[in-house]
Structure formats: structure tokens, C-alpha cells
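For reference, the structure discussed in these notes is given below.
The values are calculated or read from the model by the stated rules, or taken from the named source; none is laboratory data. Everything numeric in this text was worked out from a predicted model, so none of it was measured. Cβ coordinates were reconstructed from backbone atoms using ideal geometry, including for glycine residues, and neighbour counts include every protein chain displayed. Just so you know, the surface numbers come from the protein's heavy atoms only, side chains and all, with ligands and any DNA or RNA stripped out. Shrake-Rupley method; radii C 1.70, N 1.55, O 1.52, S 1.80 Å.
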Amino acid sequence: MLLLVGWEAMVRAFGIAPYLLPGPVAIARTLVTDWQTLAESWWITMSIALAALAAAVVVGVGLAVLFSASKWVERSFYPYAVILQVTPIVAIAPLIIVWVNDTRLSLLICAWIVAFFPILSNTTLGLNSADRNLVDLFKLYRASGWQRLVHLKLPAAMPYFLAGLKISGGLSLIGAVVAEFVAGTGGEASGLAYRILESGYQLKIPRMFAALALISLSGIVLFLALSLLSHLCLRRWHESEVREED
């Protein structure tokens with residue numbers, strides 16, 4: 001709050017023009033006046049980010065389970081996941097947009113690539129971190145592979161998965177915005193990234209800052225929602241969430 005007050009005071013004291021640096025009041029006013037346009041673009045960006053996050057969960061967890069079942073499969077395919085992670089999305093996004101005939105699908109793929117790896121790596125680590133003594137106990141009682149997975153490995157991997165999910169939540173939003181920048185999609189079905197570009201071309205800097213504020217607030221809300229989910233899932237049994245009573 002003090003930062004916003006100081007920002008507004010500096011803009012007013014030095015008479016900085018809104019097209020150079022708008023103050024928080026001007027940005028808030030733009031959010032109200034341009035809300036319909038910004039809200040539509042916000043939903044387009046968020047729908048892509050959330051769909052990419054959901055796809056990252058499904059594919060990441062599925063591959064992690066497959067990796068935990070076979071070390072040969074993990075050693076064969078995990079390097080490809082690493083390659084996807086270390087390759088800058090801005091470098092391959094133009095290729096994906098050219099190869100995929102559907103713009104929305106291409107944006108979804110770009111966001112998925114960014115969000116996919118933390119879930120895969122964390123869940124794989126969690127599945128492989130099950131207590132060895134418990135693994136031996138399950139084998140002693142002749143538990144099936146499915147029983148060991150459901151009753152031992154998946155619960156052990158839950159904290160790791162949720163940690164990766166919190167990371168991937170923000171990355172999916174970043175991937176969606178970056179992909180929109182690269183695609184430069186315009187028209188009615190345009191995300192917040194295009195609104196930022198459009199505002200820059202038209203020197204509507206308060207609208208640009210308003211779109212940036214929406215992206216930042218969306219990322220914060222998404223992180224808090226996933227943190228709450230993690231707390232609700234782990235609060236009764238995991239050390240990271242159990243609070244010692246005074």
C-alpha cells in the first residue's frame with residue numbers, strides 16, 4: 001500500500017505524463033472504464049492457462065507413474081522432458097504456431113510446455129521417495145503393484161506433486177502470455193498480451209498497465225488458490241502443514 005501511495009505521489013509531484021508513467025489512480029480508473037474489453041481478454045488468457053495447467057497435471061502425473069514403474073522407460077524418455085524444459089518457449093513458439101493450424105490450440109501447447117516439467121519432475125521424485133521399509137513391507141504382504149501405487153507411492157508423492165503444481169500454476173500463465181505475444185493474435189478473441197501490444201501501439205499506457213496489473217493479480221490469486229489446496233490436502237498428516245501446539 002505504501003508503495004502505491006509513494007508511486008502516486010511521485011507521479012503527481014513531478015508531473016509525469018500518463019503516457020510515460022500512469023499513477024495507480026489512473027490505472028484503476030482505466031480498469032473501470034475499459035473493464036469489458038479487459039475482462040474478455042483476461043478470460044481468454046486465463047482459460048488457456050488453466051487448460052494448460054490441467055493438461056500438464058494429466059500428462060505429467062501419468063508419465064511420472066509410468067517412470068516410477070520402469071527405470072528403463074524413465075531413462076529413455078526423461079531427457080526429452082528436460083529438453084522441452086530448457087528450450088526457451090519464445091524460440092519454439094513460432095514453429096508451433098506455424099505447425100498447428102489452430103491458434104488457440106497452439107497457444108495451449110506453448111503454455112503446456114512451460115507448465116509441464118515441474119509437475120513431472122516433482123511427482124517422479126515423490127513416487128521414487130516412498131519409504132523403502134514400507135515398500136519392503138508391502139512386498140512382504142504380497143501387495144500388487146497397483147496396491148503399492150495407490151496406498152503407498154501416491155500418498156508419498158502428494159507433497160511433491162502439490163509443490164510442483166504451485167510452480168506450474170504461475171508458469172502456465174506466463175506461457176500463455178508469452179505465446180500470445182509471439183502469436184500476435186488480434187480481433188475480438190484476444191488475450192491480455194495482445195491488449196498490451198495494442199495499447200503500446202496506440203500509446204494508451206494506462207490500459208497497458210491495467211492489463212499488466214490483471215496478469216499479476218491473476219498469478220497471485222492462482223498461487224494462493226493452489227497454496228490453499230496444498231494446505232487442505234496436507235494439513236492433517238504431513239509435517240510441512242501440521243502445526244505444533246504451544
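Lys and Arg at +1, Asp and Glu at -1: add these up for the other residues within a Cβ distance under 11 Å of N128 and post the number. Walk me through the numbers on the way to the answer.
On the way: positive: K71, R132, K153; negative: E74.
Net local charge, N128 excluded: +2.
What does the convex hull of the Cα atoms come to per residue for the chain, in Å³? Don't jump to the answer; show the numbers that get you there.
Details: hull volume 40.4 nm³, N = 246.
Convex hull of Cα atoms, per residue: 164 Å³.
Of the heavy-atom accessible surface of the stretch 34-138 (probe 1.4 angstrom), what whole percent is carbon and sulfur?
Heavy-atom surface of the stretch 34-138 belonging to carbon and sulfur, 1.4 Å probe: 69 percent.
Is any helix in the chain, taking whole DSSP H runs, at least 24 angstrom long along its axis by alpha carbon and on average at least 0.0 on the Kyte-Doolittle scale, and which ones?
Result, helices passing both filters: 35-69, 103-127, 154-183, 205-234.
Please calculate how many Å² of accessible area the stretch 109-246 carries per residue, with a 1.4 Å probe and no DNA, RNA or ligand atoms counted.
54 Å²
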